[in-house]
Structures are given as structure tokens and as C-alpha cells.
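Below is one structure, written out as C-alpha cells; the observations come after it.
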Amino acid sequence: MSVISNLRKVQERIRQAEIRAGRQPGTVKLLAVTKNVPEEHIKAINEAGIRECGENRVQELVKKYDLFPDVKWHMIGHLQTNKVKQIAGKVVLIHSLDRWSLAETLNKVALSRRIKFNALVQVNLSGEKTKHGLKPQELKDFVGEVSQLDGINIQGLMTMAPFVEKAEEVRWVFRSLRELQVKLIPAYPELKLLSMGMSNDFEVAIEEGANIVRVGSAIFKG
């Protein structure tokens with residue numbers, strides 16, 4: 001099965017999930033995750049209209065940024081503080097702001113380069129030790145502190161659900177992130193983005209309010 005065929009199926013599944021949720025089709029952004037994806041496949045989806053891609057590793061993001069200058073790149077993986085400088089000016093959104101030391105480094109680099117980093121705060125709702133992110137009870141204070149930094153624009157929240165056979169089993173994760181957003185919006189109206197849902201569960205995530213889904217294997221693996 002071709003990458004473009006897979007892409008069209010994913011796009012239709014997104015559209016159907018939007019309709020089921022009573023949302024306007026086209027309101028959810030598909031972010032193609034290009035981890036370990038051959039260049040020819042990235043070129044194919046780019047030519048098919050996909051203009052935003054996500055990378056997990058800084059080294060790969062920098063490499064692909066040079067190869068595909070018309071793509072808007074998102075950093076979706078865990079970001080080490082010593083690699084922040086490498087992505088400055090190359091990413092439109094960081095999905096994985098998960099600790100104060102990273103916020104400090106982002107702010108320092110942004111001010112030195114006279115830029116601003118757009119970021120989502122990563123929340124670990126499942127409590128899995130293998131996943132990064134703030135605890136839900138830490139979120140409000142963290143957002144308040146980061147919002148005081150001139151080099152960072154917080155634009156929303158991100159989470160990763162546990163991998164399960166049936167996506168319904170993790171609906172509560174997505175609903176919980178949406179509920180956290182709703183509580184924060186009155187004080188921080190800029191928190192409009194919810195990045196949640198991957199290849200195995202993006203439809204449920206959309207039904208619960210996701211407006212960015214991060215899809216890799218459903219597009220690139222036959």
C-alpha cells in the first residue's frame with residue numbers, strides 16, 4: 001500500500017472523527033511524524049500537501065530541516081537542554097516542554113537570538129515512569145511561571161496515552177487533558193492547542209478535543 005493511499009485514509013478518518021464530535025472538518029491539524037522515515041516518503045507527502053511534520057530527535061530534525069525547507073517542523077520528542085540551540089529558528093512548535101530547566105534554557109536561547117519559542121506543556125496523565133511530563137497537579141503553577149518568561153509563548157498542552165489494543169481504554173487520558181485546558185483557559189486564554197492522539201488512538205483524541213494529532217506509522221507503514 002502506498003504512502004499517499006495511507007495518507008488519504010488517515011485524512012478521511014480524521015474528517016469522520018471531526019464530524020462525529022460535531023466539529024467543523026478541517027479544524028484538526030495532521031502532523032506527520034517522520035521518525036525513521038525515508039526521505040522519498042517525506043517528499044511524497046509534502047508534494048501531496050502535507051506541510052507540517054514532527055520529529056523526535058534533534059539531529060534528525062536539523063538534517064530534514066535542510067532537506068525540506070518548505071516544511072514547518074515541530075519538535076515532538078524529549079528535548080535535552082544542551083540541544084536547544086540547534087533547533088532555534090528551525091521549529092514552529094515544541095510539543096515537549098516538561099520541566100523548569102528546559103524552560104529556562106529555551107528562554108535564555110530565545111532572548112540571545114531575539115526570537116520566541118512556541119511551546120506546548122507536556123503533561124503525564126497516565127503516571128507511567130517511561131513517559132515525560134508534568135504531573136497534573138503541577139501544571140497550573142508551571143504555566144504561571146513560564147508565562148512570565150519573555151522568550152516563550154505557551155500555546156497549549158500535550159500528552160501521550162499508554163499504548164493499548166483498544167483506543168477506548170485511553171479516552172480518559174484525552175478527556176483529562178481537555179479538562180485541564182478548560183480550567184486554565186480563563187487565566188491563560190492563549191492555551192488553545194491540544195496535541196494528543198497518535199496512530200493507534202487519534203480518532204478518540206479528536207472526539208475528546210484534540211486539534212493536533214501526531215501520526216506516523218498509520219501513514220508510513222503498509
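The values are calculated or read from the model by the stated rules, or taken from the named source; none is laboratory data. A quick note: this is a predicted structure, and the numbers were derived from the prediction, not measured. Neighbour counts are summed over all protein chains in view; Cβ atoms, including those assigned to glycine, are modelled from backbone coordinates with ideal geometry.
Worth pointing out:
- Selection status of S126, part of a helix (DSSP H, G or I) and either among the polar types (S, T, N, Q) or in contact with a strand residue (DSSP E or B) (Cβ under 8 Å, 6 or more places away or on another chain) (or both): no
- Just one residue in the set L134, L157, L149 is surrounded by fewer than 20 Cβ atoms within 10 Å (Cβ to Cβ), at pLDDT 95 or above and closer than 30 Å to S112 by Cα; that residue is L149.
- Of the residues making up the range 31-49, those that are surrounded by fewer than 19 Cβ atoms within 10 Å (Cβ to Cβ), in contact with a helix residue (DSSP H, G or I) (Cβ under 8 Å, 6 or more places away or on another chain) and within 30 Å of R171 (Cβ to Cβ) number 1.
- Here L184 meets the list (1) in contact with a helix residue (DSSP H, G or I) (Cβ under 7 Å, 6 or more places away or on another chain); (2) under 18 Å from T27 (Cα atoms) almost entirely, failing just condition (2).
- Evaluation of W172 against (1) modelled with pLDDT under 95; (2) assigned to a helix (DSSP H, G or I) (one fails), failing number: (1)
- Residues of the range 189-222 that turn out to be surrounded by fewer than 16 Cβ atoms within 10 Å (Cβ to Cβ) and within 16 Å of K140 (Cβ to Cβ), as a count: 2
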